[in-house]
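Engineer: Structure provided below as structure tokens; questions to follow.
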Amino acid sequence: AQKITQTQPGMFVQEKEAVTLDCTYDTSDQSYGLFWYKQPSSGEMIFLIYQGSYDEQNATEGRYSLNFQKARKSANLVISASQLGDSAMYFCAMRPTNFGNEKLTFGTGTRLTIIP
Amino acid sequence: ETGVTQTPRHLVMGMTNKKSLKCEQHLGHNAMYWYKQSAKKPLELMFVYNFKEQTENNSVPSRFSPECPNSSHLFLHLHTLQPEDSALYLCASSQGLAGGTDTQYFGPGTRLTVL
């Protein structure tokens, strides 16, 4: 079984500052993938970034980067130069990468508010 | 239309009504999913279809009945629901391939209220 823990229910950050959203996970699988999604108030879950458990380098996608520390089982999302449009719920998720297993396990999310 | 679409976006129904939620994906994917998002709870996976075959039913009550006529369409038929079924219902799709990068892409969701 997998478990995702997001310990920050809410965060307030000044516009243009960098922000780190915490995510720790627990799994007995050797091979797994970690995902971050953004959910604006409109409801749609928007895929942001992916990190494989065997990837040696931290994933980056534009202003998003994933600080992956495998030994600590953490996969924190870093957003650089925050913008007002970054205000949303952010969810960390994971899934094993075994054949035929598609189940994503989500955390409870962090509500990020960017202050002008 | 692009990505994953869901209709209706909002639905209010009584406990004795029968209604259906529709999901359509325009990404050429083979796997489709229904999730339930209740307030202050993590997303709960309900059903998974891979190549039109149901591969997972996450102990969902029978008042929720999924249907997947083809790889592009997924329905969730609702009947005799309870007020606690009020939630945001999200549909997602993915390529359905084994391996970690089988990213799921979500639709905008249907906000369901059961009176």
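The values are calculated or read from the model by the stated rules, or taken from the named source; none is laboratory data. Note that the structure is predicted; figures quoted are calculated from it, not measured. We place every Cβ from the backbone using ideal geometry, glycine too, and count neighbours over all the protein chains shown.
Engineer: Out of all the residues in the range B:32-55, is one or more part of a loop (DSSP other than H, G, I, E, B) and closer than 13 Å to B:Leu74 by Cβ?
Structural biologist: Going residue by residue through the range B:32-55, those that are part of a loop (DSSP other than H, G, I, E, B) are B:38-43, B:51-52.
Next, only the ones that are closer than 13 Å to B:Leu74 by Cβ stay: B:51-52.
Looking through the range B:32-55, at least one residue is part of a loop (DSSP other than H, G, I, E, B) and closer than 13 Å to B:Leu74 by Cβ.
Engineer: I need the full set of residues from the range A:14-55 which are exposed (fewer than 15 other Cβ atoms within 10 Å of the Cβ) and either more than 19 Å from B:Asp102 (Cα to Cα) or among the aromatic types (Phe, Trp, Tyr) (or both), in order please.
Structural biologist: Within the range A:14-55, A:Gln14, A:Glu15, A:Lys16, A:Glu17, A:Ala18, A:Thr20, A:Asp26, A:Ser28, A:Pro40, A:Ser41, A:Ser42, A:Tyr54 meet the criteria.
Engineer: Ok, one more. Whether any residue in the range A:67-81 is touching a residue at least 40 places away in the same chain (Cβ under 8 Å), within 17 Å of A:Pro9 (Cβ to Cβ), of a type in the set (A, V, I, L, M, F, W, C) and surrounded by 19 or more Cβ atoms within 10 Å (Cβ to Cβ) is what I want to check.
Structural biologist: Within the range A:67-81, the first condition is being touching a residue at least 40 places away in the same chain (Cβ under 8 Å), and the residues that meet it are A:67, A:72-81.
Adding the requirement that they be within 17 Å of A:Pro9 (Cβ to Cβ) leaves A:76-77.
From the residues that got through so far, the ones that are of a type in the set (A, V, I, L, M, F, W, C) too are A:77.
Then drop every residue that is not surrounded by 19 or more Cβ atoms within 10 Å (Cβ to Cβ), which leaves A:77.
Yes, the range A:67-81 contains at least one residue that is touching a residue at least 40 places away in the same chain (Cβ under 8 Å), within 17 Å of A:Pro9 (Cβ to Cβ), of a type in the set (A, V, I, L, M, F, W, C) and surrounded by 19 or more Cβ atoms within 10 Å (Cβ to Cβ).
Engineer: Exactly one of (1) touching a residue at least 24 places away in the same chain (Cβ under 8 Å); (2) among the polar types (S, T, N, Q); (3) over 27 Å from A:Tyr37 (Cα atoms) is unmet by B:Ser62. Its number?
Structural biologist: Of everything listed in (1) touching a residue at least 24 places away in the same chain (Cβ under 8 Å); (2) among the polar types (S, T, N, Q); (3) over 27 Å from A:Tyr37 (Cα atoms), B:Ser62 misses just condition (1).
Engineer: Shifting gears a bit: From the list A:Glu44, A:Glu61, A:Glu15, exactly one residue is closer than 30 Å to B:Thr7 by Cα and of a type in the set (Asp, Glu). Which is it? Reasoning before the result, please.
Structural biologist: Details: A:Glu61 fails: closer than 30 Å to B:Thr7 by Cα; A:Glu15 fails: closer than 30 Å to B:Thr7 by Cα.
Being closer than 30 Å to B:Thr7 by Cα and of a type in the set (Asp, Glu) holds for just one of A:Glu44, A:Glu61, A:Glu15, which is A:Glu44.
Engineer: Scan the range B:5-54 residue by residue and report those that are under 16 Å from A:Leu104 (Cα atoms) and out of contact with any strand residue (DSSP E or B) (no Cβ under 7 Å at 6 or more places or on another chain).
Structural biologist: If the condition is that a residue be under 16 Å from A:Leu104 (Cα atoms) and out of contact with any strand residue (DSSP E or B) (no Cβ under 7 Å at 6 or more places or on another chain), then B:Lys41 is the only one that fits.
Engineer: For B:Gly109, indicate whether it is modelled with pLDDT of 95 or more, in contact with a Gly (Cβ under 6 Å, 6 or more places away or on another chain) and not hydrophobic (A, V, I, L, M, F, W, C). Don't jump to the end; show me each part of the working.
Structural biologist: Working: modelled with pLDDT of 95 or more: yes; in contact with a Gly (Cβ under 6 Å, 6 or more places away or on another chain): yes; not hydrophobic (A, V, I, L, M, F, W, C): yes.
Yes: the conditions hold for B:Gly109.
Engineer: Given the conditions (1) over 17 Å from B:Arg9 (Cβ atoms); (2) touching a residue at least 60 places away in the same chain (Cβ under 8 Å), report the number of the one that B:Ser72 does not fulfil.
Structural biologist: Every condition holds for B:Ser72 apart from (2).
Engineer: Additional query: Would you point out the residue of the range B:100-115, among those that are more than 7 Å from chain A (Cβ to nearest Cβ) and among the hydrophobic types (A, V, I, L, M, F, W, C), that is surrounded by the most Cβ atoms within 10 Å (Cβ to Cβ)?
Structural biologist: B:Leu112
Engineer: Looking at B:Leu97, B:Leu81, B:Leu74, B:Leu90, which is the one that is in a loop (DSSP other than H, G, I, E, B), crowded, with 21+ Cβ neighbours inside 10 Å and not charged (D, E, K, R)?
Structural biologist: Values: B:Leu97 fails: crowded, with 21+ Cβ neighbours inside 10 Å; B:Leu74 fails: in a loop (DSSP other than H, G, I, E, B); B:Leu90 fails: in a loop (DSSP other than H, G, I, E, B).
Step by step, each of B:Leu97, B:Leu81, B:Leu74, B:Leu90 is checked, and only B:Leu81 is in a loop (DSSP other than H, G, I, E, B), crowded, with 21+ Cβ neighbours inside 10 Å and not charged (D, E, K, R).
Engineer: Another question, then. Do we find a residue being part of a loop (DSSP other than H, G, I, E, B), surrounded by 13 or more Cβ atoms within 10 Å (Cβ to Cβ) and within 15 Å of the chain's Cα centre (by Cα) anywhere in the range B:9-17?
Structural biologist: yes
Engineer: Moving on. Can you list residue pairs whose Cβ atoms sit under 6 Å apart, with the first residue in the range B:28-43 being facing chain A (nearest Cβ under 8 Å) and the second being of a type in the set (Val, Ile, Thr)? Count only pairs 6 or more apart in sequence or on different chains.
Structural biologist: Here the result reads B:Tyr33/B:Val48; B:Pro42/A:Thr108, each pair linking the range B:28-43 to a residue that is of a type in the set (Val, Ile, Thr).
Engineer: So, one more: Of all residues being under 21 Å from B:Gln37 (Cα atoms) and part of a loop (DSSP other than H, G, I, E, B) in the range A:42-99, which is modelled with the highest pLDDT? Just the residue, please.
Structural biologist: The extreme case among them is A:Ser87.
Engineer: Could you check the range A:91-116 and list, in sequence order, the residues that are within 14 Å of chain B (Cβ to nearest Cβ), out of contact with any Pro (no Cβ under 7 Å at 6 or more places or on another chain) and farther than 30 Å from B:Phe51 by Cα? Let's see the steps before the verdict.
Structural biologist: Going through the range A:91-116, the residues within 14 Å of chain B (Cβ to nearest Cβ) turn out to be A:91-111.
Subset that is out of contact with any Pro (no Cβ under 7 Å at 6 or more places or on another chain): A:91-105, A:109.
Once the filter is applied, which keeps residues that are within 14 Å of chain B (Cβ to nearest Cβ), out of contact with any Pro (no Cβ under 7 Å at 6 or more places or on another chain) and farther than 30 Å from B:Phe51 by Cα, the range A:91-116 yields only A:Gly109.
Engineer: If A:Thr5 meets every condition in (1) of a type in the set (Ser, Thr, Tyr); (2) in contact (Cβ under 8 Å) with a residue 24 or more places away in the chain; (3) more than 12 Å from chain B (Cβ to nearest Cβ); (4) closer than 22 Å to B:Glu44 by Cα apart from one, which number is that one?
Structural biologist: Of the numbered conditions (1) of a type in the set (Ser, Thr, Tyr); (2) in contact (Cβ under 8 Å) with a residue 24 or more places away in the chain; (3) more than 12 Å from chain B (Cβ to nearest Cβ); (4) closer than 22 Å to B:Glu44 by Cα, the odd one out for A:Thr5 is (3).
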